[in-house]
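This report refers to the structure that appears directly beneath it.
Readers should treat all values here as calculations from the given coordinates under stated rules, not as data from a laboratory. All values derive from a computational prediction rather than experimental measurement. Note: ideal-geometry Cβ built from the backbone for every residue, glycine included; neighbour counts use all protein chains shown.
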Amino acid sequence: MKIDILTLFPEMFAPLKQSILKRATDSGKIEINIIDIRDYTTDKHKKCDDTPFGGGAGMVMMVQPIADAINAVDKDHTAKRIYLSPKGRKFCQSMVREYASEERILLLCGHYEGVDQRAIDLFIDEEVSIGDYVLTGGEIPAMAVVDAVARYVDGVITKESLDEESFSNGKLEYPQYTRPQEYMGLKVPEVLLSGNHGEIKKWREEQSYIITEKMRPDLLKGE
Ligand code: 4FL
């Protein structure tokens, strides 16, 4: 899978060169292409933002550098083009699976007060938010999308990990334990040491239900 990221702050994406994402890019399972929008400005001072028409605080990213950057990497529009924005559709696991099935996605990161609406109207397929809060820019949301989507690309992590995790069965994950068997007086639940796989499975399903009811009752609605 190919992922293009358009940003004014390419250095912010250094975390993608660690751990599982590093392995996935090194092995060629995903290709991440970070594009500096500033490379495409035609302004002699390399300006990429300006004050908003109509007044108001902050700066707005100009349409020209964004348009030229998108046309440079995806002229024939083969990528699904996503703009990270607090106004977008709320990102969720079903969208993760959908994006992972695409050949190519393009992520546009806004900064400051956002981008000129015409960049969205002309070039973007989908506006996506990672939650109801405002950040300094779309770079961290873009990394969240890359991270979540990469896990679903074939061969990046094991199929078992995907099957057992939170949300995959519509519920949150059961508690996990590893050594030691006792820590500060807290013991690992006996059933997990029993070797009885049927009982373990039953316990985990019960725990999933209990934690979901407590933390995210909304997930159980419609069952
Ligand atoms: C994007 C917040 C996606 C949440 C500022 C610029 C944002 C965001 N999800 N905040 N973009």
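Got the relative contact order for the range 44-156 handy, in percent, Cα pairs under 8 Å and 6 or more residues apart?
Contact order relative to length: 32 percent.
Nearest 5 is fine: what % of DSSP beta bridges in the chain come out antiparallel, could you say?
20
Which of the peptides 155-168, 74-87 is most tightly packed, and how do the rest follow, going by the mean number of other Cβ atoms within 10 Å of each residue? Numbers along the way, then the final one.
Details: 155-168: 12.9, 74-87: 16.7.
Result, highest mean first: 74-87, 155-168.
Taking the Cβ of residue 129 as the center, what net charge do the other residues with Cβ under 12 Å away carry, scoring Lys and Arg +1 and Asp and Glu -1?
Working: positive: 87, 89, 90; negative: 126, 127, 132.
Net charge in that neighbourhood comes out at 0.
Using the per-residue mean of other Cβ atoms lying within 10 Å as a proxy for protection, in what order, highest first, do the peptides 105-117, 182-194 fall? Before the final figure, lay out each step's value.
On the way: 105-117: 21.8, 182-194: 10.9.
Ranking the peptides 105-117, 182-194 by packing returns 105-117, 182-194.
Given 0.36 nm per residue, what is the gain on full extension from residue 173 to residue 220 after removing their alpha carbon distance, in nm? Intermediate results must be reported in sequence, preceding the final value.
On the way: separation 47, 0.36 × 47 = 16.92 nm, distance 1.34 nm.
Taking 0.36 nm per residue and subtracting the Cα distance, the gain is 15.6 nm.
So what's the back-of-envelope 222 nm ellipticity for the chain, counting only DSSP H runs of four-plus at -39500 (n - 2.57) apiece and dividing by all residues, rounded to 500? Intermediate results must be reported in sequence, preceding the final value.
On the way: 7 runs with 72 residues, N = 223.
After summing the helix terms and dividing by the residues of the chain, the value is -9500 deg cm²/dmol.
Students often get this wrong, so check it: of 87/171; 171/202; 29/159; 90/221; 2/47; 90/171, which have C-alpha atoms separated by over 21 Å? Write out the running numbers ahead of the final one.
Details: 87/171 26 Å; 171/202 14 Å; 29/159 15 Å; 90/221 18 Å; 2/47 29 Å; 90/171 18 Å.
Where the Cα-Cα span goes over 21 Å, the pairs concerned are 87/171; 2/47.
May I ask for the distance between the Cα centers of the range 159-223 and the range 13-60, given as a whole number of Å?
39
Report the charge-dipole magnitude of the range 59-120 in Debye, nearest 20, computed about the Cα centre from +1 at each Lys and Arg Cβ and -1 at each Asp and Glu Cβ. Mind dumping the intermediate values first?
On the way: 9 positive and 8 negative charges, 54 e Å.
About 260 debye.
Taking 8 Å as the Cα distance limit and 6 or more residues as the minimum spacing, I'd like the relative contact order of the chain as a percentage. If you can, show how the numbers build up before the last one.
Working: 314 pairs, mean separation 45.0, N = 223.
This gives 20 percent for the chain.
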